[in-house]
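The structure under discussion appears below in the form of structure tokens.
The values are calculated or read from the model by the stated rules, or taken from the named source; none is laboratory data. If you're wondering where the values come from, they're calculated on a predicted model, not measured in any experiment. Positions of Cβ are backbone-derived with ideal geometry, glycine not excepted, and every protein chain shown enters the neighbour counts.
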């Protein structure tokens, strides 16, 4: 993604944090991560992330999904070499609507449908709709993906340690952390 697009997306994301009354420091604003997953299609697939803390025991993030944007299907698997059980995370909606798709019985008529280009890489279809103040916990190694409604969304994530670079994506074209 080019620098101009990245800066434009950052500005848009910061407006969502303001709308949700999330107060950020200048350093947090400067370090906001714009993840396009190496696909160069940020309006459809992407995530804007502020990481407050990520220690050996816990992690806390604020995430923005722009209107109609999705975070692709992935899981946080155990890693024996570093004695890691996989990430357990709780998502709490702060603004907008979040459509979370997890393992379980498929929802007959999901509220969100990815474009045909990405749909083959979405294999879990049990929908959990989160509105402001609602939350849901995802356990280690569980496949999941999530998307925003038409107005975008702000999500707080509380989790065990995060190793984003080791997330396992269903789509083999995804690069989570840019080199």
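Conditions (1) outside any strand (DSSP E or B); (2) under 15 Å from residue 69 (Cβ atoms), marked per residue:
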{"residue": "93", "(1), (2)": "no, yes"}
{"residue": "96", "(1), (2)": "no, yes"}
{"residue": "100", "(1), (2)": "no, yes"}
{"residue": "104", "(1), (2)": "yes, no"}
{"residue": "107", "(1), (2)": "yes, no"}
{"residue": "111", "(1), (2)": "yes, yes"}
{"residue": "117", "(1), (2)": "yes, yes"}
{"residue": "123", "(1), (2)": "yes, no"}
{"residue": "128", "(1), (2)": "no, no"}
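Out of segment 51-91, which residues are farther than 29 Å from residue 12 by Cα and either in a strand (DSSP E or B) or out of contact with any helix residue (DSSP H, G or I) (no Cβ under 8 Å at 6 or more places or on another chain) (or both)? Scanning segment 51-91 gives 56, 57, 78, 79, 80, 81, 82, 83, 84, 85, 86.
Sub-7 Å Cβ pairs linking a first residue in segment 150-172 that is at positive phi and modelled with pLDDT of 95 or more to a second residue that is assigned to a strand (DSSP E or B) and crowded, with 18+ Cβ neighbours inside 10 Å, at least 6 apart or interchain, are 152/64; 152/65; 152/96, ordered by first then second residue.
Of all residues in segment 36-48, count the ones that are surrounded by fewer than 20 Cβ atoms within 10 Å (Cβ to Cβ) and either on the phi > 0 side of the Ramachandran plot or in contact with a strand residue (DSSP E or B) (Cβ under 6 Å, 6 or more places away or on another chain) (or both). Counting residues in segment 36-48 that are surrounded by fewer than 20 Cβ atoms within 10 Å (Cβ to Cβ) and either on the phi > 0 side of the Ramachandran plot or in contact with a strand residue (DSSP E or B) (Cβ under 6 Å, 6 or more places away or on another chain) (or both) gives 3.
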